[in-house]
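**Student:** Have a look at this one.
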Amino acid sequence: MCACIQHDLETTTLGELRLPARSSELGVAREFAEATAAAFGLDADGRFEFAVAVNEAVTNAIRHGRPDARGQIHLRVQASADSLTFAVRDCGTFTAPLARATASSEHGRGFAVMSTLMDAVQLCVSPGSTTVRLTKSHAGEPAPGAARR
Amino acid sequence: MAFFYLSEDTTALACAGEQVIVLVAGGELDHHASPTLRQQIAGYIEAGKRSLVLDLSAVTFIDSTAIGVLVGAAVRLQEANGGSVAVVCAPANERVLRIFDIAGVGNAITLSSSREDALLAMAPAG
């Protein structure tokens, strides 16, 4: 069962981005994350944390996942009253790595980085679909003038 | 469009010694930049450099892939000849330092706040 289906009717989609599955597009993913987090009213630290976490999730999708028929990876941003979630989806079927990363490993730090920066990281896998959901709770009120929809 | 650069600090040669290469990086070090970063570092290692000092003070973004490349270089240098990688990052660059802290490089890489400190730490005792 995928636990990532949103049951919360109060959730609003803030933005979507379909990104060519190329590493040269990572800067676009980071800018999208920063801008959307800013629109939600997050401060500079919160925007940076989303940019880093989304960058890691999109990197994993490019490196280990599979793009859709158009060669794209999907990003969707959902907001509720008190949280912001970026969902990064590819059409691969995630399999857990066999070896655990250590301090001297060259690979395998991405999930640790995402988990540290986010309040919740969910991995939803079904055949032909892998989604990483990155969520931060929104502490305090949105910044004055922030475009909350 | 993201960019990054990596250049050699030739002025550091006098105090660094011939076996140490001092590099200065800037811009965004992500998965896209990592193959070039890996290739350039490998070139210096193949040219006989024993240790690497890499100043990341001007880097605006770094991710786990690029940090992995540096860890890989450190492991390779250590195994080949007991060499090492020292990363320099000015304390003001809190974002890069924070990612290093989160990614966890253990003892594989030493972090210094200036090139001088990194070179001093690398110099043989006595």
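**Student:** By what distance, in whole Å, do the Cα atoms of segment B:15-122 stretch along each of the three principal axes, largest value first?
**Tutor:** For segment B:15-122, the Cα extents along the three principal axes come out at 31, 28, 23 Å.
**Student:** Continuing with the same structure: Calculate, for residue B:111 and residue A:64, the FRET efficiency according to 1/(1 + (r/R0)^6) with r their C-beta to C-beta distance and R0 30 Å; round to the nearest 0.05.
**Tutor:** Here the calculated transfer efficiency is 0.55.
**Student:** Another question about this same structure. Could you derive backbone 3J(HN,Hα) for segment B:90-106 from the dihedral phi with the Karplus parameters 6.51, -1.76 and 1.60 (θ = phi - 60°), listing whole Hz in sequence and x where the residue is Gly or Pro?
**Tutor:** Rounded to whole hertz, the list is 4, x, 5, 8, 5, 5, 5, 4, 5, 5, 4, 4, 5, 5, x, 10, x.
**Student:** Taking Cα atoms, how many degrees apart are the long axis of helix B:34-46 and the longest axis of chain B, rounded to 10 and kept between 0 and 90?
**Tutor:** In chain B, helix B:34-46 runs at an angle near 10 degrees to the longest axis.
**Student:** Tell me, what HN-Hα J-couplings in whole Hz come from the Karplus equation 6.51 cos²θ - 1.76 cosθ + 1.60 at θ = phi - 60° for each residue of segment A:99-113, using x for Gly and Pro?
**Tutor:** For segment A:99-113, the Karplus-derived couplings read 9, 7, 5, 10, 4, 9, 7, 7, 10, x, 9, x, 5, 5, 5 Hz, x marking Gly and Pro.
**Student:** Considering all projection directions equally, how large on average is the shadow of the alpha-carbon convex hull of the protein assembly as shown, in square nanometres?
**Tutor:** So the mean shadow area of the Cα hull is 16.3 nm².
**Student:** For segment A:88-134 and segment B:1-70, what is the centre-to-centre distance using only Cα atoms, to the nearest Å?
**Tutor:** 27 Å
**Student:** Let me ask another. Which distance in nm do the two modelled labels at residue B:5 and residue A:126 give, with both placed 7 Å along the Cα-to-Cβ direction?
**Tutor:** That separation, rounded to one decimal, is 4.9 nm.
**Student:** For the ranges B:25-34, A:121-130, B:62-71, B:96-105, what's the packing order if you count other beta-carbon atoms within 10 Å of each residue, average per peptide, and put the highest first?
**Tutor:** B:62-71, B:25-34, B:96-105, A:121-130
**Student:** How would you rank A:105, B:7, B:113, going from fewest to most other Cβ atoms within 10 Å of each one's own Cβ?
**Tutor:** In increasing order of surrounding Cβ atoms, one gets B:7, B:113, A:105.
**Student:** Between residue B:23 and residues 5 or more places away or on another chain, which pairs have amide H atoms under 5 Å apart, with H built 1.01 Å from N, and which residues are they?
**Tutor:** B:9, B:53, B:54, B:55
**Student:** Need one number for chain A: average projected area of the convex hull over its C-alpha atoms, nm².
**Tutor:** Value for chain A: 9.4 nm².
**Student:** Once phi is turned into θ = phi - 60°, what whole-Hz ³J(HN,Hα) does the Karplus curve with 6.51, -1.76 and 1.60 give for every residue of segment B:24-32, x standing for Gly and Pro?
**Tutor:** 10, 10, x, x, 10, 9, 10, 4, 6
**Student:** A further question on this structure: Using amide H atoms built 1.01 Å from N in the peptide plane, name the residues 5+ places from residue B:114, or on other chains, whose amide H lies under 5 Å from its own.
**Tutor:** Here B:89 satisfy the definition.
**Student:** Also, quick follow-up: Determine the sum of side-chain charges near residue B:102: Lys and Arg each +1, Asp and Glu each -1, restricted to other residues whose C-beta is under 14 angstrom from that of residue B:102.
**Tutor:** Residues close to residue B:102 contribute a combined charge of -3.
**Student:** Amide H of residue A:14 versus every other amide H placed in the peptide plane: which residues, excluding those fewer than 5 positions away on the same chain, fall under 5 Å?
**Tutor:** So residue A:14 has HN proximity to A:77, A:78, A:79.
**Student:** Helix A:44-64: angle to the longest alpha-carbon principal axis of chain A, degrees 0 to 90, nearest 10?
**Tutor:** Approximately 30 degrees, to the nearest ten.
**Student:** Could you pull the Rg and Dmax for segment A:49-99, using just the Cα atoms, both in Å?
**Tutor:** Reported Rg and Dmax, both Å: 12.5, 39.
**Student:** Helix A:26-40 versus the longest principal axis of chain A: what angle, 0 to 90°, nearest 10, using Cα atoms?
**Tutor:** Once rounded, one gets 30 degrees.
**Student:** In whole percent, what relative contact order does chain B give with Cα contacts below 8 Å and a gap of six or more residues?
**Tutor:** 23 percent.
**Student:** Please give me, ordered by residue number, the trypsin sites (Lys or Arg not before Pro) of segment A:60-95 that lie in loop per DSSP and have at most 11 other Cβ atoms within 10 Å.
**Tutor:** Counting only loop positions with at most 11 other Cβ atoms within 10 Å, the trypsin sites (Lys or Arg not before Pro) in segment A:60-95 are A:70.
**Student:** Shielding of A:21-30 by partners, i.e. mean partner chain Cβ atoms within 10 Å per residue?
**Tutor:** Taking all residues of A:21-30 together, the mean is 4.
Computed from the coordinates by the stated procedures, all read-outs in this text should not be read as laboratory data. Everything quoted here is computed from the prediction, not taken from an experiment. Positions of Cβ are backbone-derived with ideal geometry, glycine not excepted, and every protein chain shown enters the neighbour counts.
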